[in-house]
1. Sticking with the crude label model, points 7 Å out along Cα→Cβ, report the distance from Tyr136 to Thr94 in nm, one decimal please.
2. Would you calculate the convex hull of the Cα atoms in the stretch 102-148 and tell me its volume per residue in Å³?
3. Grab every C-alpha pair in the stretch 88-192, bin the distances at 10 angstrom width from 0 up to the longest one, and report whole percents.
4. Normalised by the number of residues in the stretch 114-192, what is the relative contact order in percent for Cα pairs under 8 Å and 6+ residues apart?
5. Just to be sure I understand the model, the point goes 7 Å from the Cα along the line to the Cβ. What's the resulting Glu67 to Val155 distance in nm?
6. What does the net charge come to around Thr125 if you take all other residues with beta carbon closer than 9 Å to its beta carbon, with K and R at +1 and D and E at -1?
7. For Phe87, project a label point 7 Å along Cα to C-beta. Then give me every residue of the stretch 106-129 with its amide nitrogen under 15 Å of that point.
8. Expressed in whole Å with the largest first, what are the equivalent ellipsoid semi-axes of the stretch 73-141 derived from the C-alpha gyration tensor as the square root of 5 times each eigenvalue?
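Please treat every number below as a calculation from the coordinates, not as lab data. For clarity, every value in this text was computed on a predicted model and none was experimentally measured. Positions of Cβ are generated from backbone atoms using ideal geometry, with glycine treated the same way; all protein chains shown enter the neighbour counts.
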Amino acid sequence: MIGSSPQIFSINGSLTTDGNNAYVDKFGVRYGANTQYLIAPGNQTFKVFVKDVNANDPHTTGDLSVEIGKNYSVFYTKTNVNDSSLFVIKEDLTIDTAKTKLLFVNLGYTLKSRVVVRDSLKTFTKTLGYGEKSDYLFLNFAVKNKLYLNLVDSVGVVDSISASNFSKGKIFTILIDGTNIGKLKERLISNN
């Protein structure tokens, strides 16, 4: 989510819910917030509209092809100061009850640098540019593993996420974002 005003997400441009049309929340979704999953018929292509709650016309639209039995996350983001876009991820919500499943997504267009993500046990290291995502990673947090994130061009500044934020048998998306002055920030989204 971007912007200070809540954004309304709708499928096929409707603010009513029936077999082919749906909206996420008529009051809008604020920056940094997420919603529950919306159920839509599969094997179809929908037009996703995003508009400011105070505007009449959508400012971003995109096509979303939905397969039967699949789950998707749609992120509303920016590519630069003036342009916005939709970023779609087809999800795998298969659970491993013995481990935590993580997905990293870099939507921090203000960062101006790739982001290095690693864990304290050194079981993985990923470097992600804007608009890139990792594969799903299965981690064991029973031994106080920690996640570290830092900008490639700023090796002395490292953010961390404690193991206490995670639990076995859960899936998390970690959204990598940046402040308006290019500082790194992260948000955890629990997928189940």
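1. With each label placed 7 Å out from Cα toward Cβ, I get 0.7 nm.
2. Output value, Cα hull per residue: 66 Å³.
3. Per 10 Å bin, starting at zero, the Cα-Cα P(r) for the stretch 88-192 comes out as 15, 50, 30, 5 percent.
4. Value for the stretch 114-192: 23 percent.
5. About 4.1 nm separates the two model spin labels.
6. Residues close to Thr125 contribute a combined charge of +2.
7. 106-117, 127-129
8. Over the Cα atoms of the stretch 73-141, the semi-axes work out to 26, 16, 7 Å.
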